[in-house]
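The values are calculated or read from the model by the stated rules, or taken from the named source; none is laboratory data. Computed from a predicted structure; not experimentally measured. For neighbour counting, all protein chains shown are included, and Cβ atoms are generated from backbone atoms with ideal geometry for every residue, glycine included. When the accessible area is computed, the model is the full protein with side chains, heavy atoms only, and any ligands, DNA or RNA have been set aside. Shrake-Rupley method; radii C 1.70, N 1.55, O 1.52, S 1.80 Å.
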Amino acid sequence: PVAQELLEAASLDDPQAAPDARELNFGAYRAAYMVTMLKLAGGDTQATDAVKNTAKAFSEHSEAAESDIPARLRHKLAPYQKRGTGWILSLYEGRMGGILADEMGLGKTVQVIAALSAAKKRDGTMQSLIVTPTSLIYHWLAEFKRFDNNLTIRLVSGMREERRREIAEIAADPAVDVVLTSYPLLRRDIELIRSMPFRFAILDEAQYVKNAQSIGAVAVKEIDAQVRIALTGTPMENHMGELWSIFD
């Protein structure tokens, strides 16, 4: 029944094709699931390598993804942190987003740092953006220094003109691995940041965007990133719309 629903929801690329040879388009998050459901239903399917890789990433992610974590970091991670990092890297493999909702103190920050380092090790340097409450900016800087000082970090701060210069310099510097900014500054600088392509967009304390109508929530959704990760250990307090906003 689920497979049938997805079939009915899919669009036909070629209406002139024979009834028994149809090509269907799905979002990445549905594609691997659809292939799995059709196989279970006994359907004969052909999938692109991208779909196969996505399905493989989520079914076999642990060992393969964890092996990309640099050795200097791997021995610092607890087993559950290695699994969490592997899950983030599986999302990266499938170019999908997710929510890492470990409780406070369980090391969401270090799992992100390990994933950023692993992605750089595998695919080279590309900038990632981390958005955090103002009070946690220097915590992130300290954690990068503690766990992986090999990543090049740039902090966006200061008055508006100073930030404009910093953002222009960062955009032109291929050596930068991570850009750190705060929610208040992102709201003010989104016109400059929206044109920058990122590998990861990381939202720390993602309950800051629980109101879907807020300026901050609208701003973060304009970030151009291959993968979007929300970090939050805070339960929803009011209604399901808050959880929806973070997923969105």
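Just a few scattered comments:
- Each residue in region 161-200 was checked for being among the polar types (S, T, N, Q) and crowded, with 18+ Cβ neighbours inside 10 Å, and 2 of them qualify.
- Note on region 142-151: residues that are outside any helix (DSSP H, G or I) and either of a type in the set (K, R) or open to solvent by 10 Å² or more (accessible area, probe 1.4 Å) (or both) amount to 3.
- Counted residues, region 208-220 - those being buried (at least 21 other Cβ atoms within 10 Å of the Cβ) and touching a Pro at 6+ places or on another chain (Cβ under 9 Å): 1
- Which numbered condition G98 misses (of (1) surrounded by 14 or more Cβ atoms within 10 Å (Cβ to Cβ); (2) at pLDDT below 70): (2)
- Residue count for region 91-141, restricted to those that are free of Cβ contacts under 8 Å to residues at least 60 places away in the same chain, within 13 Å of the chain's Cα centre (by Cα) and not in a helix (DSSP H, G or I): 0
- Residue count, region 109-128 (criterion: open to solvent by 30 Å² or more (accessible area, probe 1.4 Å) and not hydroxyl-bearing (S, T, Y)): 5
- Matching residues in region 178-195 - criterion: being outside any loop (DSSP other than H, G, I, E, B) and of a type in the set (G, A, S): S182
- Among residues of region 152-177, those that are in contact (Cβ under 8 Å) with a residue 24 or more places away in the chain, assigned to a loop (DSSP other than H, G, I, E, B) and not hydrophobic (A, V, I, L, M, F, W, C), counted: 4
- Restricting attention to region 196-231, the residues being assigned to a strand (DSSP E or B), small (G, A, S) and under 24 Å from R164 (Cβ atoms) number 2.
- Some residue of region 200-221 being without any contact (Cβ under 8 Å) to a residue 24 or more places away in the chain and under 20 Å from the mean Cα position of the chain (by Cα): yes
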